[in-house]
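The block underneath contains the structure these notes are about, expressed in structure tokens.
Taken together, the values in this text are just the output of simple stated rules run on the coordinates, not laboratory data. Quick caveat, the model's predicted, so the values are computed rather than measured.
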Amino acid sequence: MAASPGPAGVAGAGAVYGSGPSGFALDSGLEIKTRSVEQTLLPLVSQITTLINHKDKTKKSDKTLQAIQRVGQAVNLAVGRFVKVGEAIANENWDLKEEINIACIEAKQAGETIAALTDITNLNHVESDGQITIFTDKTGVIKAARLLLSSVTKVLLLADRVVIKQIITSRNKRLTIYNLRHS
């Protein structure tokens, strides 16, 4: 099952093709073909891009480190709120509960990993110039970011399935009522 294209074929940067039990492939070639999912992910992508693209100097000023930590914490807090909503959706939709909960657990773990990797309280290497020498695990942040984006995307797509199911159910009820009144 491929995600339906948005208006005028608007698409992201990879492909969502059916392969897993949920019908979504979560590989490095992820393409988001629904505009609502793409628009929902933009703020998260922006924050993660900020984290990953910080200058690769081994010495960073305290101000830079604090900014990186704030972004890491903001990502983790946003993911926590997102996971609560995802879990609520899962609890109301037993047919997708397991898939949504797995994706929520992955998102939560990724958010916590990003927060831990950007936490400056674990750094103790102050140089004579007042800067801190760190060896950031950029690869770890990138891996966590990929997991986060794929799991958040999966939750959003599953939530879209719930909404579509609700729309179809509502339409069918209205058609049944209409047919009963006009028969």
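Considering only C-alpha atoms, what is the centroid distance from the stretch 133-183 to the stretch 73-113, in Å?
Measuring centre to centre over Cα atoms gives 12 Å.
Express the Stokes-Einstein translational diffusion coefficient of the stretch 62-110 in µm² s⁻¹, to the nearest whole number, given a Kirkwood radius over alpha-carbon pairs, 10 °C and a viscosity of 1.306 mPa s.
On the way: Rh = 11.8 Å.
So the translational diffusion coefficient is about 134 µm²/s.
Just to check I understand the Karplus step: with θ = phi - 60° and J = 6.51 cos²θ - 1.76 cosθ + 1.60, what whole-Hz values come out for the stretch 143-155, glycine and proline as x?
4, 5, 5, 4, 4, 4, 5, 5, 6, 5, 4, 5, 4
Could you derive backbone 3J(HN,Hα) for the stretch 169-183 from the dihedral phi with the Karplus parameters 6.51, -1.76 and 1.60 (θ = phi - 60°), listing whole Hz in sequence and x where the residue is Gly or Pro?
So the J values, rounded to whole Hz, are 4, 5, 4, 5, 5, 5, 5, 5, 4, 4, 5, 5, 6, 10, 10.
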